[in-house]
Amino acid sequence: MTESDNSIIEEGFNALITKIEDIKKESEPLKSEVLKNDALLFSRMGRKSSSFVKEIGLNMLKIGKQDTKGELYGAAYYPEKMILLGRTDPAPYRPDDPTKAVTDEFCVLSEKGKFFNLMYSSDGFLVDSFLQPFEPGEALDLYGYEIMLMLYRAMRDNLKEDEDLVKGLCTTIEFIAGKKSEHNPLK
């Protein structure tokens with residue numbers, strides 16, 4: 001190789017390094033813009049998901065009694081079906097009744113596209129719950145981006161007719177996380 005060839009290779013290499021640095025500089029403001037609007041994105045994902053929550057959702061327990069074997073009887077359920085998005089360490093007590101300790105706490109999405117914090121309490125005989133409406137930003141603050149990923153997975157599995165939307169969400173979530181997802185949105 002001649003000195004001229006080395007010079008051309010070195011120029012190309014430096015141009016490539018400059019291009020990579022420019023792309024990184026351009027993507028950082030975009031990432032912060034996406035993160036600034038994460039609650040809006042999550043809210044829209046919830047509304048779009050309401051179309052399938054009624055079909056795949058669960059009837060969540062509102063109140064029930066436990067027999068000595070731990071089996072429930074006399075149970076009542078919330079009227080709307082819900083999907084479970086995440087679980088967190090339980091709060092020390094419920095906002096509606098500070099005398100009731102929280103045994104389990106979940107983020108759920110209702111069939112109307114609304115997010116809720118579902119808190120269960122049990123005294124060994126009675127199991128009851130408190131369903132607290134959640135703003136999407138509050139849900140993300142308490143549960144983290146894992147609930148957004150869980151909702152994305154539900155959308156991926158249930159919105160077959162919106163393949164382009166699901167692909168776009170995959171790209172956005174990968175962008176927020178700063179890495180490629182091992183989950184193919186088309187599977």
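Coordinate-derived values only; no laboratory data. Small disclaimer: the values here were computed from a predicted structure and weren't measured. Positions of Cβ are generated from backbone atoms using ideal geometry, with glycine treated the same way; all protein chains shown enter the neighbour counts.
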Nonlocal amide H pairs with L85, under 5 Å, H built at 1.01 Å: C107, V108, L109
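Sort the following peptides by mean Cβ neighbour count (other Cβ atoms within 10 Å, averaged over residues), highest first: 125-135, 43-53, 95-105.
Values: 125-135: 16.4, 43-53: 18.3, 95-105: 14.0.
Taking the mean over residues of other Cβ atoms within 10 Å, the ranking is 43-53, 125-135, 95-105.
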Counting only backbone N atoms under 16 Å from a point 7 Å out along Cα-to-Cβ of Q132, the residues of region 93-117 in range are 93-109, 115-117
Show me 65-72, 153-160 ranked by packing, highest mean number of other Cβ atoms within 10 Å first. 153-160, 65-72
Value in Å of the Kirkwood radius, where region 36-141 supplies the Cα pairs that are averaged: 14.5 Å
What pairs in K112/K167; K69/K100; K54/K114; K81/K112; K48/K160; K112/K160 have C-alpha atoms more than 18 Å from each other? K112/K167; K69/K100; K112/K160
